[in-house]
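**Q** Just passing along the structure, written as structure tokens.
The values are calculated or read from the model by the stated rules, or taken from the named source; none is laboratory data. A quick note: this is a predicted structure, and the numbers were derived from the prediction, not measured. Note: ideal-geometry Cβ built from the backbone for every residue, glycine included; neighbour counts use all protein chains shown. Calculation scope for accessible area: heavy atoms of the full protein, side chains included, ligands and nucleic acids excluded. Shrake-Rupley method; radii C 1.70, N 1.55, O 1.52, S 1.80 Å.
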Amino acid sequence: MKKTWVKILMGVLAAALIAAAVAVAFDIKGSARAEAKEYAHNINYFYSDEEGMTRFLADSEMLEKAVPGRVDSFLSCDGSVGIARAGTGLFRIDKDGIKKIYSAGVLKALLSLDGQKTVFTTATEVHIYDHASGSLEDIRPEGAASIDAIALSPDGGTVGYTVKNAEGALVTFAHTAGESKQLAENACIAAIGDGARFWYGVEPDTMSLSYSKGGSVRKLGEGVSSQLEFNRSLTEVLFDMGGTTYYSINGSSKKAIVKGASVFSAAASCESVQGGDQFTCFVKDCSSVFGGLFYSFMTSSEDPDARAIYNIWYADGNRRVTLLAKGAYGFSVTKDMSRLSVLMADNELYIMKIDDPKTAQLICKNVYSYNMSKDGEKFYCVGYDLGLYYIEGSAPAVQLAKNTVYSVLAGDDKCLFLADYDKTGKLIYADGKLPLRGVSDGVSHVEAMPAAYLYYTDLYTDSLGNSVYDVYVSANGTDFSLALKGALMTGGEE
């Protein structure tokens, strides 16, 4: 009898699994472009209903060991280390295998950005796990009815936690070197600096955000959104109020990034999350959210399948903002953060210096979607005529294929694309010149991840009556092998 697998897509769980940052302080003022860390690895996981086990794919290799039961929460800050909850037990996963951290009763957890510390809660306790030593420290706050929020300092030496007592009152503590001290009442910990030299708190009733340092408390805003963004040293915080995104640096008075606009930072692809049940704090693995891009987006119509459109700004190290594009269908940044490509709503693709829209140069017209190489010198464009076009430098576009519906960038700036698609299509590998290399027929979808490529076959019915398909994996985008037989992608629900 064939095994039926359920692939559960990776995601951040704000309530069940919460992550925090480990980093060093950085002076951002005047910096040209902020340093940021990008994903270089990936962890995926699959559930076997027949076995009652969850199996993990680290980069392009399937781990031998498995986790009993279904994973209901998973988090990875950079794709190299993950923590997963299954049956309320907590596990650590990396390329070397799987290790159980705690057997049962885990409610919240955070993973440090360097993957060396996990802080998690049970009903009335806080636990600190050191991945290198395997040691576990237990904190048992007196009179705790629940733990409402947890946070970890950038150096990993201080844990902040908020206790709710039987009367519903909130008390926040900082725990350093085996000892806890009270920080405040009536506020939940949002983020905490090294040695608790400063910390951010949120009053859940009013959603007031405050910054505390040296005995002084400064209110940054009231009625803030339930999502906050920080840089890795926690010296910068971004928050929304009334449809506008504001920032504060080292507790300074709030200022709008873009007046009247709610924006997201594109500073880093690696990020972790910390906070509590009523708010979530995204800690980005970057020295500063400034010296980079900010964007807002909306859909072009009420149609749920309508394309998103983006407005894009550059904010320099001194927080001076430049509008780069309005109404774009997509954008991409070179690895060195020096150039930006933008697909405009008129279907024209441009490339420009990341901070100067006047330098924009036309790459191609009638573009529906595209992939750009990391150095910004090569483009694979899918046109509205369904042709796949290759453009290198200032050379004219070369048509590589017809009837193309989807493409992803593969290793060494090559391209994997689907052609002749009707429920499934041909998966083809392109390196910028003819002839092309066929990979497989009957492919329903292809994914590019930091250290692996996956494709999925057509649906078929297994011996249990489930609609399933097979999953193939490759480390280089050309040589695929069967990873799982009979996979059922359900987003976690059967």
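**Q** Within region 188-206, restricting attention to residues that are open to solvent by less than 30 Å² (accessible area, probe 1.4 Å) and outside any strand (DSSP E or B), which residue is nearest to Phe290 (Cα to Cα)?
**A** In this case the residue turns out to be Gly193.
**Q** A further question follows. Checking Leu110 against (1) of a type in the set (A, V, I, L, M, F, W, C); (2) open to solvent by 20 Å² or more (accessible area, probe 1.4 Å); (3) at pLDDT below 95: exactly one of these is not met. Which one?
**A** The single condition Leu110 does not satisfy is (2).
**Q** Sticking with this one: State which residue is surrounded by the fewest Cβ atoms within 10 Å (Cβ to Cβ) when the search covers only region 392-449 and only residues that are more than 13 Å from Ser474 (Cβ to Cβ) and of a type in the set (Ser, Thr, Tyr).
**A** Per the criteria, the residue is Ser394.
**Q** Pick from Phe239, Phe279: which is within 21 Å of Ile312 (Cβ to Cβ) and aromatic (Phe, Trp, Tyr)?
**A** Numbers: Phe279 fails: within 21 Å of Ile312 (Cβ to Cβ).
On inspection, the qualifying residue turns out to be Phe239.
**Q** So which of Ala395, Ala401, Ala419 ends up being in contact with a Leu (Cβ under 6 Å, 6 or more places away or on another chain), farther than 26 Å from Ser269 by Cα and free of Cβ contacts under 8 Å to residues at least 40 places away in the same chain?
**A** Numbers: Ala395 fails: in contact with a Leu (Cβ under 6 Å, 6 or more places away or on another chain); Ala419 fails: in contact with a Leu (Cβ under 6 Å, 6 or more places away or on another chain).
That would be Ala401, the only listed residue that is in contact with a Leu (Cβ under 6 Å, 6 or more places away or on another chain), farther than 26 Å from Ser269 by Cα and free of Cβ contacts under 8 Å to residues at least 40 places away in the same chain.
**Q** Which number in (1) in contact with a strand residue (DSSP E or B) (Cβ under 8 Å, 6 or more places away or on another chain); (2) open to solvent by 10 Å² or more (accessible area, probe 1.4 Å) marks the one condition that Ser287 misses?
**A** Only one criterion is unmet by Ser287, namely (2).
**Q** Then there's this: Tell me whether region 7-18 contains one or more residues that are assigned to a strand (DSSP E or B), open to solvent by less than 20 Å² (accessible area, probe 1.4 Å) and modelled with pLDDT of 70 or more.
**A** No, region 7-18 has no match at all.
**Q** Go through region 65-85 and give me each residue that's in a strand (DSSP E or B), aliphatic (A, V, I, L, M) and open to solvent by 10 Å² or more (accessible area, probe 1.4 Å).
**A** Ala66
**Q** Pick out, from region 226-274, the strands (runs of 3 or more DSSP E) lying fully within it that include 2 or more residues that are crowded, with 22+ Cβ neighbours inside 10 Å, free of Cβ contacts under 8 Å to residues at least 60 places away in the same chain and of a type outside the set (D, E, K, R).
**A** Ranges flagged: 236-241.
**Q** I've got another one for you. Of everything in region 376-391 that's in a loop (DSSP other than H, G, I, E, B), out of contact with any Gly (no Cβ under 6 Å at 6 or more places or on another chain) and free of Cβ contacts under 8 Å to residues at least 40 places away in the same chain, which residue is least open to solvent (accessible area, probe 1.4 Å)?
**A** Gly387
**Q** If you take the residues in region 347-374 that are in a loop (DSSP other than H, G, I, E, B) and in contact with an Asp or Glu (Cβ under 8 Å, 6 or more places away or on another chain), which one is farthest from Thr322 (Cα to Cα)?
**A** Filtering first and then ranking leaves Asn366.
**Q** Give all pairs with beta carbons closer than 6 Å in which a residue from region 132-150 that is at pLDDT 95 or above meets a residue that is open to solvent by 70 Å² or more (accessible area, probe 1.4 Å) and of a type in the set (A, V, I, L, M, F, W, C); count only pairs at least 6 apart in sequence or on separate chains.
**A** Sorted first by the residue in region 132-150, then by its partner, the pairs are Ala145/Ala166.
**Q** Here's something else I'd like to know. What is the one condition in (1) β-branched (Val, Ile, Thr); (2) over 30 Å from Asp49 (Cβ atoms); (3) surrounded by fewer than 21 Cβ atoms within 10 Å (Cβ to Cβ); (4) without any contact (Cβ under 8 Å) to a residue 40 or more places away in the chain that Thr478 does not satisfy?
**A** If we test Thr478 against (1) β-branched (Val, Ile, Thr); (2) over 30 Å from Asp49 (Cβ atoms); (3) surrounded by fewer than 21 Cβ atoms within 10 Å (Cβ to Cβ); (4) without any contact (Cβ under 8 Å) to a residue 40 or more places away in the chain, just (4) comes out false.
**Q** Could I ask something else about it? Exactly one of these conditions fails for Gly160: (1) open to solvent by 30 Å² or more (accessible area, probe 1.4 Å); (2) within 27 Å of the chain's Cα centre (by Cα). Give me its number.
**A** Condition (1) is where Gly160 drops out.
**Q** Return the total of residues in region 275-284 being assigned to a strand (DSSP E or B) and either among the β-branched types (Val, Ile, Thr) or within 17 Å of Ser226 (Cβ to Cβ) (or both).
**A** The total comes to 6.
**Q** Within region 353-375, can you find the residues that are open to solvent by less than 10 Å² (accessible area, probe 1.4 Å) and either more than 29 Å from the chain's Cα centre (by Cα) or hydroxyl-bearing (Ser, Thr, Tyr) (or both)?
**A** If the condition is that a residue be open to solvent by less than 10 Å² (accessible area, probe 1.4 Å) and either more than 29 Å from the chain's Cα centre (by Cα) or hydroxyl-bearing (Ser, Thr, Tyr) (or both), then Ser373 is the only one that fits.
**Q** Right, here's the next one. Taking the stated definitions as given, is Phe297 among the aromatic types (Phe, Trp, Tyr), surrounded by fewer than 18 Cβ atoms within 10 Å (Cβ to Cβ) and out of contact with any Asp or Glu (no Cβ under 7 Å at 6 or more places or on another chain)?
**A** Considered against the rule, which asks whether it is among the aromatic types (Phe, Trp, Tyr), surrounded by fewer than 18 Cβ atoms within 10 Å (Cβ to Cβ) and out of contact with any Asp or Glu (no Cβ under 7 Å at 6 or more places or on another chain), Phe297 comes out as yes.
**Q** Looking only at region 261-304, count every residue that is within 24 Å of Ala149 (Cα to Cα) and of a type in the set (Asp, Glu) and tell me the total.
**A** Qualifying residue count, region 261-304: 3.
**Q** Sort out which residues of region 308-338 are within 21 Å of the chain's Cα centre (by Cα) and open to solvent by 50 Å² or more (accessible area, probe 1.4 Å), and write them in order of number.
**A** The answer is Tyr310, Tyr329, Phe331, Lys335, Asp336.
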